[in-house]
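The values are calculated or read from the model by the stated rules, or taken from the named source; none is laboratory data. These figures come from a predicted structure and were not determined experimentally. FYI the Cβ positions are ideal-geometry reconstructions off the backbone, even for glycines, and counts take in every protein chain you see.
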Amino acid sequence: MYKLCIVGLGNPGKKYDSTRHNIGKDWLVRLSKSYNIDFISKLKFEAEIGESHSGSILWIIPTNYVNNSGRTLSKIIKSTNLKPENCLIMHDELDLDIGSLRIKDSGGHGGHNGLRDITNKIGSANFLRLRIGIGHPGSKDEVTNWVLNKFTPNEIKHLDQSYSKFIDIFELITANNIKEAQKLLHTK
């Protein structure tokens, strides 16, 4: 029985690896290596799926595009005991500076098309989010190109520091100690 499902949002294909839009997926893949997760392709879920913590944590990498990721989560929820509130979605966040991290417990999609699709497909916005700041290009017209571009070397340094902070609180998340994880992550 799963107690947590972790989903890393990103587009499929090597050309999108290390882009701003793929930070959720990239971090999930990076973290999965330290837990020796073996991912198995499951076409019916449109995802790569793995498990950890004695089978209590489900790791999901959707194989569809970010804007269609709700299809994967909907299928996962329908075929498991999971509820939306037991899902952590790791995603890029335009409204946060590079490397800023926030854990949010439910809420709106904030203009993020992947979150919008998830909310529409599962019929609920009551899921956890790890919002990973990718900065904003300054103009709404530049957002599409911005999210599909790679990070600069200086931005990567900030993101590596943020990733270390995320690692420090990850076990709190797996233990469903979200308030403590938020306190440690959000306090300067």
**Report entry** Scan of the range 24-47 for residues that are of a type in the set (A, V, I, L, M, F, W, C) and touching a residue at least 24 places away in the same chain (Cβ under 8 Å), ordered by number
**Finding:** Trp27, Leu28, Val29, Leu31, Phe45, Ala47
**Report entry** Set Gln161, Gln182: member being closer than 18 Å to Cys87 by Cβ, in a helix (DSSP H, G or I) and either touching a strand residue (DSSP E or B) at 6+ places or on another chain (Cβ under 6 Å) or of a type in the set (S, T, N, Q) (or both)
**Finding:** Gln182
Query raised in the report: In this structure, does Ser52 turn out to be surrounded by 15 or more Cβ atoms within 10 Å (Cβ to Cβ), within 20 Å of Lys165 (Cα to Cα) and hydroxyl-bearing (Ser, Thr, Tyr)?
Result: no
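Residues are listed down the side, and each one gets a yes or a no for (1) crowded, with 19+ Cβ neighbours inside 10 Å; (2) in contact with a strand residue (DSSP E or B) (Cβ under 7 Å, 6 or more places away or on another chain); (3) among the hydrophobic types (A, V, I, L, M, F, W, C); (4) under 19 Å from Ile169 (Cα atoms):
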position: Ile60; (1), (2), (3), (4): yes, yes, yes, no
position: Asn67; (1), (2), (3), (4): no, no, no, no
position: Gly70; (1), (2), (3), (4): yes, no, no, no
position: His91; (1), (2), (3), (4): yes, yes, no, yes
position: Asp95; (1), (2), (3), (4): no, no, no, no
position: Ser100; (1), (2), (3), (4): no, yes, no, yes
position: Lys104; (1), (2), (3), (4): no, yes, no, yes
Query raised in the report: Can you tell me which residue in the range 125-155 is nearest to the chain's Cα centre (by Cα), limited to those that are assigned to a helix (DSSP H, G or I) and of a type in the set (A, V, I, L, M, F, W, C)?
Result: Val147
Query raised in the report: Hey, any hits in the range 137-144 for a residue that's within 22 Å of Pro12 (Cα to Cα), of a type in the set (A, V, I, L, M), surrounded by fewer than 17 Cβ atoms within 10 Å (Cβ to Cβ) and modelled with pLDDT under 95?
Result: yes
Query raised in the report: Do we have Arg131 as of a type in the set (D, E, K, R), under 22 Å from Ala47 (Cα atoms), touching a strand residue (DSSP E or B) at 6+ places or on another chain (Cβ under 7 Å) and modelled with pLDDT of 95 or more here?
Result: yes
Report task. Collect the residues in the range 141-172 that are in contact with a Pro (Cβ under 8 Å, 6 or more places away or on another chain) and in contact (Cβ under 8 Å) with a residue 40 or more places away in the chain, keeping them in residue-number order. Result -> Val143, Trp146
Report summary line: In the range 106-117, anything over 12 Å from the mean Cα position of the chain (by Cα) and at pLDDT 90 or above is listed as Arg116, Asp117
Query raised in the report: Any residue in the range 25-41 that is touching a Lys or Arg at 6+ places or on another chain (Cβ under 9 Å), among the β-branched types (Val, Ile, Thr) and outside any loop (DSSP other than H, G, I, E, B)?
Result: no
Query - Residue in the range 41-50 that is at pLDDT 95 or above, more than 14 Å from the chain's Cα centre (by Cα) and farther than 15 Å from Ser69 by Cα present - result: yes
Query raised in the report: Within the range 1-52, how many residues turn out to be touching a Pro at 6+ places or on another chain (Cβ under 9 Å), under 20 Å from Glu171 (Cα atoms) and of a type outside the set (A, V, I, L, M, F, W, C)?
Result: 2
Report summary line: Per the filter on the range 84-124, residues touching a residue at least 40 places away in the same chain (Cβ under 8 Å) and in a loop (DSSP other than H, G, I, E, B) are Leu94, Asp95, Ile98, Gly99, Ser100, Ser124
